[in-house]
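Contents: one structure, followed by commentary.
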Amino acid sequence: MTTPDHVARILGQWQRERPDLDVSPAAVIGRLHRLGDRLRVDIIEVYRRHGLTEGEFDVLAALRRQGSPYELAPGELAQHTMVTTGAISKRLDRLEEAGLVVRRGNAADGRGRIVRMTEAGQRVFDQAFTEHMQNERRLIAPLTSDERAELERLLTAWLNRLEQPGSAQ
């Protein structure tokens, strides 16, 4: 028999205090929350070692995934990173100061700008991304390959259902 984890202890307390309420959803959500917090700490540490924040890594990843010449308009970056253009602007300011991106005018749109990853940005990102993937491999190593496949299947199904138009948000 396994020892109850933190979430199981909390659920037991709620079952005692509120037996009228079904607290079973917290068995999943609580563990996902704790797991996410734990994973984020280890993941952000890798970014920090490369002088990046989570948001800056995300911007560089969006540029790198585009392929050469590694550039996008700020609005496109916002779409690829799921943040506002205001948040992108702050990230770009920091990345530009560090010499990892440059901004230039957009010939196709006189008012627009284009953001391009510099060679230094590509070097920093590629090193950080390599270490990031090694770190993620380490983090999922406690799971068997069958468990990883099943978890990916379940999370994909759940996310797809939550992201359906008209789903309860």
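The values are calculated or read from the model by the stated rules, or taken from the named source; none is laboratory data. Everything quoted here is computed from the prediction, not taken from an experiment. Note that each Cβ is placed from the backbone with ideal geometry, even for glycine, and that neighbours are counted across all protein chains shown. Surface areas here come from the heavy atoms of the whole protein model, side chains and all, with no ligands, DNA or RNA. Shrake-Rupley method; radii C 1.70, N 1.55, O 1.52, S 1.80 Å.
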| task | Output the qualifying pairs, or none if there are none: Cβ atoms under 7 angstrom, residues six or more apart or on different chains, first residue in region 44-72 and over 19 Å from Asn135 (Cβ atoms), second residue acidic (Asp, Glu) and surrounded by fewer than 20 Cβ atoms within 10 Å (Cβ to Cβ). | result | Leu63/Glu71
| query | Being in contact with a Lys or Arg (Cβ under 6 Å, 6 or more places away or on another chain), β-branched (Val, Ile, Thr) and either open to solvent by less than 60 Å² (accessible area, probe 1.4 Å) or over 22 Å from Asp126 (Cβ atoms) (or both), is that true of even one residue in region 84-105? | reply | yes
| task | Of all residues in region 38-83, count the ones that are among the hydroxyl-bearing types (Ser, Thr, Tyr) and either loosely packed, with under 14 Cβ neighbours inside 10 Å or assigned to a helix (DSSP H, G or I) (or both). | result | 3
| Quick one: what pairs do we get from region 112-126, first residue under 12 Å from Ala98 (Cα atoms), second open to solvent by 50 Å² or more (accessible area, probe 1.4 Å) and assigned to a helix (DSSP H, G or I), C-beta under 7 Å, 6+ apart or different chains? | Met117/Arg64
| query | Right, Gly121: under 30 Å from Asp5 (Cβ atoms) and assigned to a helix (DSSP H, G or I) or not? | reply | no
| task | State whether the residues of region 109-123 include one that is more than 17 Å from Asp58 (Cβ to Cβ), modelled with pLDDT of 95 or more, open to solvent by 50 Å² or more (accessible area, probe 1.4 Å) and over 22 Å from the mean Cα position of the chain (by Cα). | result | yes
| task | Give the residues of region 1-28 that are loosely packed, with under 12 Cβ neighbours inside 10 Å and in a loop (DSSP other than H, G, I, E, B), sorted by residue number. | result | Met1, Thr2, Thr3, Pro4, Arg18, Pro19, Asp20, Leu21, Asp22, Ser24
| Residues of region 137-165 satisfying the condition of being within 22 Å of Glu45 (Cα to Cα), open to solvent by 80 Å² or more (accessible area, probe 1.4 Å) and not in a helix (DSSP H, G or I) | Pro142
| message | With the structure loaded, tell me whether Gln134 is assigned to a helix (DSSP H, G or I) and open to solvent by 80 Å² or more (accessible area, probe 1.4 Å) or whether it fails that test. | response | yes
